[in-house]
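Worksheet for the structure shown next.
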Amino acid sequence: MSSRQVNPAPRQPLYTPEERKRRDETPWTLVQGILAPVQFVVFLVSVYLVLRYLSTGEGAQAATLSIVIKTLVLYTIMITGSIWEKVVFGHYLFARPFFWEDVFSMLVLALHTAYLVVLATGWLDTQGQMWLALAAYATYIVNAAQFLIKLRMARLEGQARAGEPLAEVSE
């Protein structure tokens, strides 16, 4: 039996040189770099409060407030991220390099917005609202991982362009 090596097509870089220049020059890159860790800290606090409520029945108001704050921070990062995409790629959303991240972001937004709807309408009791928030948070984790992977790809591409040795990947 013979084995044939298949050479995959070269992967398209995440950024063209012009896009990389725009990315590096726009203040929206810094805004995203600040908001992303802020959102993650808000998320961690909120997860703790939600899980505390679900396990003890205490702290419903604090958990609810934390979910609302997390949702508002999410809206902020999505709006500023859309502006960043417009500046860098010419599209407010669904630019080629971030298409699937943006698609999944829509699910994240939908679940967070659904939480606000059920909170405002009372369609679910407090426990149901907390479970909905956790579902939204699960999608947020997947989406955050998508963006972290892209950030790593961008760093590796930047190192390759600069002629630096690529960082070792440890598993």
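No lab work stands behind these numbers, since they all come straight from the coordinates. What you see is a predicted model, and the numbers here were worked out from it, not measured in a lab. Glycine gets a Cβ as well: all are built from the backbone with ideal geometry, and neighbour counts include every protein chain shown.
The table below lists the values:
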{"item": "Mean-position separation - Cα centroids, the range 74-128 and the range 137-153, in angstrom", "result": "13"}
{"item": "Helix 60-89 axis, angle to the chain major axis (alpha carbon atoms, nearest 10°)", "result": "30"}
{"item": "Dipole of the chain, positive direction: furthest Cα of THR80, GLY128, LEU151, with charges on the beta-carbon", "result": "LEU151"}
{"item": "Cα lying deepest toward the dipole's positive end in the chain, options THR16, VAL108, LEU30, charges on Cβ", "result": "THR16"}
{"item": "Efficiency of FRET from Cβ geometry, LYS86 and GLN61, R₀ 35 Å, rounded to 0.05", "result": "0.40"}
{"item": "Within-15-Å neighbourhood charge of GLN12 [Cβ basis; K, R +1; D, E -1]", "result": "+2"}
{"item": "Extension gain from VAL103 to LEU72, taking 0.36 nm per residue of separation minus the Cα-Cα distance", "result": "9.2 nm"}
{"item": "With eigenvalues of the C-alpha gyration tensor scaled by 5 and rooted, the chain, Å", "result": "36, 20, 15"}
{"item": "Estimated distance in nm for a label pair at GLN127 and LEU151, the labels positioned 7 Å out from Cα along Cα-to-Cβ", "result": "3.7"}
{"item": "Check: the range 19-122 dipole with +1 on Lys, Arg Cβ and -1 on Asp, Glu Cβ, in debye", "result": "140"}
{"item": "Sparse-neighbour loop sites [chymotrypsin sites (Phe, Trp or Tyr not before Pro); the range 49-96; at most 16 other C-beta within 10 Å; DSSP]", "result": "TYR92, PHE94"}
{"item": "Additional length obtainable on full extension of the chain from GLN159 to VAL41, 0.36 nm per residue less Cα span", "result": "39.6 nm"}
{"item": "Principal-axis tilt of helix 99-121 within the chain, Cα atoms, nearest 10 degrees", "result": "10"}
{"item": "Given charges at Cβ of Lys, Arg, Asp, Glu: the range 17-157 dipole, positive-most of PHE99, TYR53, THR71", "result": "PHE99"}
{"item": "Those lysines that a straight Cα-Cα span of less than 22 Å connects to LYS21, excepting residues fewer than 8 apart in one chain", "result": "LYS86, LYS150"}
